[in-house]
Amino acid sequence: MSRHRTIRLRAIDALLEWAELGHPQARAALSQVVSDHRTQDVTVWTKALNRIALFGDASVEPGLLRALADTGHRGVRWSAIACAELGCRRAVPLITALLEHPDPMVREGACEALGLFEEPAAVPALTARLNDETDWVRSRAAQALGQIGGDRALAGLWQAMMEPRNPKASYLSSAIAAFGPPVVDDLITLTTDPDPDFRALACRALGSTADDRALPALERLAAHDLARTTLGGLVATAAKQGLRTAHRIRARTAST
């Protein structure tokens, strides 16, 4: 490829278009690009990695594993996600180690990748990231735990949500809602908590479950709970939002 970045990026775009049409030579060329991160411009390399599902197979795994081990490389975040999209489970230990990387973008990418793997062994390390110094890393860790599921992941999310936080993190309740029917009764109980922040979080989570059992509690709070959360919003407003979410999900489910 030309050393001129603009030309190389155009070449990658063209290869991706051909690969999408099923051309084997384009797929082979893209595989060659992603197989050695050391010889590629990082922008060109990550652009190809972002479409790894088009052309990736087992032949690119050794190169991706080398890239993961090169933790100082600027594209390490994207190599983690590419490994997850390809289902390269040999990458899991390396990706888990990236949860301790000094760059929050890399930690966030590692959380995303482990969530895509739905890797139970990563639950303790992801639970620790719920206390990450960067908010969006905490959010991605919570999402990953919701994707992985299981008792340990749920316990970690629930414990983090019940810890004193100011304000309470809505991403924790969203992740808990991903567990579906098993968490509904506990969330309904939380709607009676003395803390308005917890009641509002419960409302949002219950709405996302769209469970029949949630509707009476949401309707009650929407009509009567005028307490304000730490951020100044009404619990009643959170309950109304939860009801809208539940009805929207139920309508979408009914139409499919």
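Laboratory data are not the source of any read-out in this text; all were calculated from the coordinates shown. Not measured: the values here are computed from a predicted model. Here Cβ is always computed from backbone atoms with ideal geometry, including for glycine, and neighbour counts include all displayed protein chains.
Observations, loosely collected:
- Pairs of Cα atoms in region 1-83 fall into 10 Å distance bins, from 0 up to the last occupied one, in shares of 20, 55, 24, 1 percent.
- Inter-probe distance in nm under a simple model that places probes 7 Å from Cα toward Cβ, at ALA53 and THR134: 2.4 nm
- C-alpha long axis of helix 151-162 to longest principal axis of the chain, angle in °: 60 degrees
- The chain: calculated mean residue ellipticity at 222 nm from DSSP helix runs of at least 4, using -39500 (n - 2.57): -20000 deg cm²/dmol
- Computed from Cα atoms, the angle from the helix 135-148 axis to the main principal axis of the chain rounds to 90 degrees.
- Along the chain, counting only trypsin sites (Lys or Arg not before Pro) with a DSSP assignment other than H, G, I, E or B and at most 15 other Cβ atoms inside a 10 Å radius, the longest segment between sites is 75-164.
- Magnitude of the charge dipole for the chain, about its Cα centre and with charges confined to Cβ atoms of Lys, Arg (+1) and Asp, Glu (-1), is about 680 debye.
- Radius of gyration and Dmax over the Cα atoms of the chain, both given in Å: 21.9, 67
- On Cα atoms only, tilt of 196-209 relative to the major axis of the chain in degrees: 60 degrees
- Local electrostatic count at VAL106 - Lys and Arg +1, Asp and Glu -1, tallied over other residues with Cβ under 11 Å: -1
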